[in-house]
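Undergrad: Take a look at this one; I'll ask things after.
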Amino acid sequence: AKDKGKSAYQRFSPEMSQDSHERLQIESRLRRALELNELKLYYQPIVEAGTGRLVGAEALIRWNNRAMGLVSPDKFIPLAEETGLIIPIGEWVLKTACEDIKQWQKNTGLGLTIAVNVSPRQFRDAGFTNTIDKVLEDSKLDPQYLELEITERLILDNSIETSGIFKHLDDKGVKLSIDDFGTGYSALGYLKSYPFDTLKIDKSFVQDVIESSEDAALVTAIITMAHSLSLKVIAEGVEEAPQLDFLNQHNCDFAQGYYFNRPVPAEEFSLWMSDNLK
Ligand code: C2E
Ligand code: CA
Ligand code: CA
Ligand code: CA
């Protein structure tokens with residue numbers, strides 16, 4: 001009886017109930033975030049590494065809650081995935097991002113690409129391909145300017161369904177990008193069996209490319225491998241000129257990071273573009 005009492009206490013310790021209470025509270029707030037207009041998309045430019053020419057932007061979600069302030073996506077995206085809220089949120093992201101880039105294409109006359117992060121649960125949802133079709137139809141965005149960023153975590157499950165979705169998207173002309181490359185646990189074989197167009201080198205490799213000869217070797221090898229598989233390469237997390245120089249010397253195609261601009265709200269991104277395209 002004594003033991004039982006102890007384990008019961010451990011299971012319902014004040015600390016734990018505090019945690020789960022907080023979780024439930026964040027969950028119910030997240031549930032209402034869409035209708036309360038608390039979600040916002042920020043945009044970060046992606047440029048041609050050699051010339052600095054703007055080629056597109058990555059859409060990055062932000063949540064500004066009345067009670068909690070700004071919540072980082074690293075904190076609420078996992079929760080949105082667990083609860084399935086990522087489905088309506090992801091739909092909103094796709095719709096908003098496609099509308100915004102379509103508008104900017106009109107304003108600039110450029111064929112800008114929008115990169116959108118797609119989480120595994122969202123990708124595997126039965127309605128995903130329909131959502132993509134509908135969003136493209138409604139926004140009238142040419143599919144080649146939509147690039148979906150998918151992490152290696154998704155590839156681990158190489159089910160028939162996943163392959164079917166890849167095929168649908170590829171047939172449609174949507175671009176597919178492998179995000180956070182090098183940080184997952186997958187073998188490399190998937191690179192030849194899935195129709196990827198782009199590989200994004202994770203910022204953890206880019207950050208130390210000047211100080212660390214190991215990271216420099218990895219980045220160089222990743223670029224060479226990607227190119228021999230006909231993939232374009234984007235380096236994320238570029239913060240300083242020497243990093244960009246290194247990437248250029250090693251023929252990296254595109255770059256993204258604070259060196260060019262932080263992710264900013266749509267209105268500010270639009271202004272940044274008019275300044276930069278002068
Ligand atoms: P990610 O896809 O790897 O996005 C890159 C992250 O690096 C972003 O963090 C961006 O703000 C940050 N970053 C950009 N340039 C630099 C730089 O020069 N230095 C450093 N240190 N960081 C830089 P953020 O915006 O906090 O997003 C975190 C993660 O949340 C994203 O990582 C992505 O996995 C996820 N996420 C963001 N928006 C969405 C979304 O709409 N849907 C889904 N499913 N996930 C999203
Ligand atoms: Ca990304
Ligand atoms: Ca393709
Ligand atoms: Ca990353």
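Undergrad: In region 1-38, which residue that is at pLDDT 60 or above and not in a helix (DSSP H, G or I) is surrounded by the most Cβ atoms within 10 Å (Cβ to Cβ)?
TA: Out of the qualifying residues, it is E38.
Undergrad: Hey, among K167, K172, K140, which residue is at positive phi and more than 16 Å from ligand 2 (Cβ to nearest atom)?
TA: None of the others qualify; the one that does is K140.
Undergrad: Would you be able to tell me the number of residues in region 97-128 that are under 27 Å from P78 (Cβ atoms), open to solvent by 30 Å² or more (accessible area, probe 1.4 Å) and part of a helix (DSSP H, G or I)? If you could, list the steps in order and put the result at the bottom.
TA: Here is the first cut: in region 97-128, the ones under 27 Å from P78 (Cβ atoms) are 97-101, 113-128.
Next, from what is left, pick out any that are open to solvent by 30 Å² or more (accessible area, probe 1.4 Å): 99-100, 113, 117, 121, 124-126.
In the following step, the residues that additionally are part of a helix (DSSP H, G or I) were identified as 99-100, 121, 124.
The qualifying residues number 4.
Undergrad: Where the second residue is open to solvent by less than 30 Å² (accessible area, probe 1.4 Å) and of a type in the set (G, A, S) and the first is touching a residue at least 12 places away in the same chain (Cβ under 8 Å) and assigned to a loop (DSSP other than H, G, I, E, B) and lies in region 254-270, which pairs have Cβ atoms under 6 Å and are six or more apart or on separate chains?
TA: From residues that are touching a residue at least 12 places away in the same chain (Cβ under 8 Å) and assigned to a loop (DSSP other than H, G, I, E, B), the pairs are G257/G237.
Undergrad: How do the pairs read when you match residues in region 227-242 that are under 15 Å from I178 (Cα atoms) with residues anywhere that are among the acidic types (D, E) and away from ligand 1 (no atom under 15 Å from the Cβ), using Cβ under 9 Å and keeping only pairs 6 or more apart or on different chains?
TA: H227/D253; S230/D197; L231/D197; K232/D197; K232/D253; V233/D253; I234/D253; A235/D253
Undergrad: Yes or no: T224 open to solvent by 80 Å² or more (accessible area, probe 1.4 Å), out of contact with any strand residue (DSSP E or B) (no Cβ under 8 Å at 6 or more places or on another chain) and in a helix (DSSP H, G or I)? I'd like the intermediate steps shown before the answer.
TA: Working: open to solvent by 80 Å² or more (accessible area, probe 1.4 Å): yes; out of contact with any strand residue (DSSP E or B) (no Cβ under 8 Å at 6 or more places or on another chain): yes; in a helix (DSSP H, G or I): yes.
So T224 passes the test.
Undergrad: Let me ask another. Provide a single number: the residues in region 166-197 that are open to solvent by less than 60 Å² (accessible area, probe 1.4 Å) and part of a loop (DSSP other than H, G, I, E, B).
TA: 10
Undergrad: In region 166-182, what residues are under 20 Å from H227 (Cβ atoms) and either touching a Phe, Trp or Tyr at 6+ places or on another chain (Cβ under 7 Å) or within 16 Å of ligand 4 (Cβ to nearest atom) (or both)?
TA: Scanning region 166-182 gives L176, S177, I178, D179, D180, F181, G182.
Undergrad: Considering only residues of region 144-165 that are charged (D, E, K, R) and either assigned to a strand (DSSP E or B) or buried (at least 17 other Cβ atoms within 10 Å of the Cβ) (or both), which is farthest from ligand 4 (Cβ to nearest atom)?
TA: Residues of region 144-165 charged (D, E, K, R): 147, 149, 152-153, 157, 161.
Retained after the next criterion (residues that are either assigned to a strand (DSSP E or B) or buried (at least 17 other Cβ atoms within 10 Å of the Cβ) (or both)): 147, 149, 152.
On the way: E147: 15, E149: 9, E152: 11 Å.
Among them, the one singled out is E147.
Undergrad: Can I ask one more? Among the residues of region 39-77, which ones are of a type in the set (D, E) and open to solvent by 20 Å² or more (accessible area, probe 1.4 Å)?
TA: Within region 39-77, E48, D74 meet the criteria.
Undergrad: Something else about it: So, in region 199-216, of the ones that are touching a residue at least 12 places away in the same chain (Cβ under 8 Å) and either in a loop (DSSP other than H, G, I, E, B) or open to solvent by less than 10 Å² (accessible area, probe 1.4 Å) (or both), which residue ends up farthest from ligand 3 (Cβ to nearest atom)?
TA: If we take residues in region 199-216 being touching a residue at least 12 places away in the same chain (Cβ under 8 Å) and either in a loop (DSSP other than H, G, I, E, B) or open to solvent by less than 10 Å² (accessible area, probe 1.4 Å) (or both), then I210 is farthest from ligand 3 (Cβ to nearest atom).
Undergrad: Continuing with the same structure: Return a yes/no flag: does region 232-246 have any residue that is within 17 Å of R53 (Cα to Cα), part of a strand (DSSP E or B), more than 14 Å from ligand 2 (Cβ to nearest atom) and open to solvent by 30 Å² or more (accessible area, probe 1.4 Å).
TA: Among the residues of region 232-246, at least one is within 17 Å of R53 (Cα to Cα), part of a strand (DSSP E or B), more than 14 Å from ligand 2 (Cβ to nearest atom) and open to solvent by 30 Å² or more (accessible area, probe 1.4 Å), which makes the answer yes.
Undergrad: Okay, moving on. Output the number of residues of region 220-246 satisfying the condition of being within 28 Å of W104 (Cα to Cα) and within 16 Å of ligand 4 (Cβ to nearest atom).
TA: So the count comes out to 7.
Undergrad: Continuing with the same structure: Among the numbered conditions (1) touching a residue at least 60 places away in the same chain (Cβ under 8 Å); (2) in a helix (DSSP H, G or I), tell me where G50 comes up short.
TA: All conditions are met except number (2).
Undergrad: In this structure, does A115 turn out to be in contact (Cβ under 8 Å) with a residue 40 or more places away in the chain and under 23 Å from E48 (Cα atoms)?
TA: Working: in contact (Cβ under 8 Å) with a residue 40 or more places away in the chain: yes; under 23 Å from E48 (Cα atoms): yes.
Judged against the criteria, A115 is a match.
The values are calculated or read from the model by the stated rules, or taken from the named source; none is laboratory data. Keep in mind that this is a model prediction, so the values were computed, not measured. In this analysis, Cβ positions are derived from the backbone assuming ideal geometry, glycine residues included, and neighbour counts consider all displayed protein chains. Side chains are part of the model used for accessible areas, which takes the heavy atoms of the whole protein and leaves out ligands, DNA and RNA. Shrake-Rupley method; radii C 1.70, N 1.55, O 1.52, S 1.80 Å.
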